[in-house]
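The values are calculated or read from the model by the stated rules, or taken from the named source; none is laboratory data. Just so you know, these numbers come straight off a predicted model, no measurement behind them. When we count neighbours, we look across all protein chains shown, and the Cβ atoms used for this are built from the backbone with ideal geometry, even at glycine. Quick note on the areas: whole protein, heavy atoms, side chains included, nothing else; ligands and nucleic acids left out. Shrake-Rupley method; radii C 1.70, N 1.55, O 1.52, S 1.80 Å.
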Amino acid sequence: MTETIIEIEHLTKIFYTDEIETHALSGVHLNIARGEYVAMSGPSGCGKSTLLSIIGLLDTPTNGRYTLNGKEVANLNFADRSRIRNQEIGFIFQSFNLIGDLTVAENVELPLTYRSGMPAAERKKRVQESLERVNMAHRMRHYPAQLSGGQQQRVAVARALAGSPSILLADEPTGNLDSKNGEAVMKLLQELHQEGATICMVTHDPRFAAHAERQVHLFDGKVVAEGELSQLLAEVEG
């Protein structure tokens, strides 16, 4: 029986600005199994990034349940969210989010320094292994500005892998890359998935969404079927 890593039920997120309520998520249900590769897509403003932020414990829902690895995490305090995020979740961002005055190796090691009790030797070993995995070990003493966009994203993937997370979250990982480098990052994610990684990726590009084994479509803060999404988009454009 396949183990479920993420269980989301009746999830809502409302943003309040002045007297306006914005319903970013309106009752989302989503399960992700261990080893699954899921792509979330939908039009701009449909709630993809909000949902990914909640899955990544960067934000909290207004209502609903979110269980990560069997633990209810929807309403944890900031410190507990930070600790679980550091141990369970690897992030790959559109803008790479590397720190310019740290070397490649130091960028990859940084999240591990927040793990209490992890010896320096273990950190160095993980940095070496994760950089080898993305073919960037030969650049470990370089700085981000000395790398191409595609290389920077590979380092960002290594940083996400170094902590041995339960799930990799990728938010438009090809958004700042040309098509060749975008395809290379997609190939890398595909290889990681084949090796057992659980991946949840937000993308607006149908070509990249097709790399995943399951596609989840969002529209107006709800998960909809693919056929339903096409119909809703046609109505909006019409």
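Screening Asn75, Asn107, Asn86 for residues that are touching a Pro at 6+ places or on another chain (Cβ under 9 Å) and within 27 Å of Gly27 (Cβ to Cβ) leaves exactly one candidate, Asn75. Per the listing Arg133, Arg141, Arg159, the residue uniquely out of contact with any Lys or Arg (no Cβ under 9 Å at 6 or more places or on another chain), exposed (fewer than 14 other Cβ atoms within 10 Å of the Cβ) and basic (Lys, Arg) is Arg141. Quick one: is Glu109 within 19 Å of the chain's Cα centre (by Cα) and acidic (Asp, Glu)? Yes; evaluated as a whole, the condition is true for this residue.
Pairing residues of segment 134-147 that are of a type in the set (D, E, K, R) with residues that are outside any loop (DSSP other than H, G, I, E, B) and crowded, with 19+ Cβ neighbours inside 10 Å, at Cβ distances under 6 Å and at least 6 apart in sequence or on separate chains, gives Arg139/Val104.
For segment 127-156, taking the residues that are part of a loop (DSSP other than H, G, I, E, B), under 17 Å from Val185 (Cα atoms) and among the hydrophobic types (A, V, I, L, M, F, W, C), the one that is nearest to the chain's Cα centre (by Cα) is identified as Val134.
When each of Arg154, Arg126 is tested for being crowded, with 22+ Cβ neighbours inside 10 Å, of a type in the set (Lys, Arg) and out of contact with any Pro (no Cβ under 8 Å at 6 or more places or on another chain), the lone residue that passes is Arg154. Of the numbered criteria (1) open to solvent by 60 Å² or more (accessible area, probe 1.4 Å); (2) assigned to a helix (DSSP H, G or I); (3) of a type in the set (Gly, Ala, Ser), the one Gly117 fails is (2). Going through (1) closer than 27 Å to Glu183 by Cβ; (2) in contact with a Lys or Arg (Cβ under 6 Å, 6 or more places away or on another chain) one by one, Glu109 falls short only on (1).
Show me the strands (runs of 3 or more DSSP E) found entirely inside segment 8-103 where at least 3 residues are buried (at least 20 other Cβ atoms within 10 Å of the Cβ). Where strands (runs of 3 or more DSSP E) fall fully within segment 8-103 and carry at least 3 residues being buried (at least 20 other Cβ atoms within 10 Å of the Cβ), they are 20-33, 37-41, 89-92. I want to confirm something. Restricting to segment 162-180 and keeping residues that are of a type in the set (D, E, K, R) and farther than 19 Å from Ile55 by Cα, which single residue is surrounded by the most Cβ atoms within 10 Å (Cβ to Cβ)? Applying the filter and picking the extreme gives Asp178.
Yes/no matrix, rows are residues, columns are (1) in contact (Cβ under 8 Å) with a residue 60 or more places away in the chain; (2) of a type in the set (Val, Ile, Thr); (3) buried (at least 18 other Cβ atoms within 10 Å of the Cβ):
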position: Gly182; (1), (2), (3): no, no, yes
position: Ala197; (1), (2), (3): yes, no, yes
position: Pro206; (1), (2), (3): yes, no, no
position: Ala209; (1), (2), (3): yes, no, yes
position: Leu218; (1), (2), (3): yes, no, yes
position: Gly221; (1), (2), (3): yes, no, yes
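From the list Arg115, Arg159, the one residue that fits, being under 29 Å from Asp80 (Cα atoms) and more than 17 Å from the chain's Cα centre (by Cα), is Arg115. Here Val108 meets the list (1) outside any helix (DSSP H, G or I); (2) touching a residue at least 40 places away in the same chain (Cβ under 8 Å) almost entirely, failing just condition (1).
Each residue in segment 197-215 was checked for being assigned to a strand (DSSP E or B) and under 14 Å from the mean Cα position of the chain (by Cα), and 4 pass.
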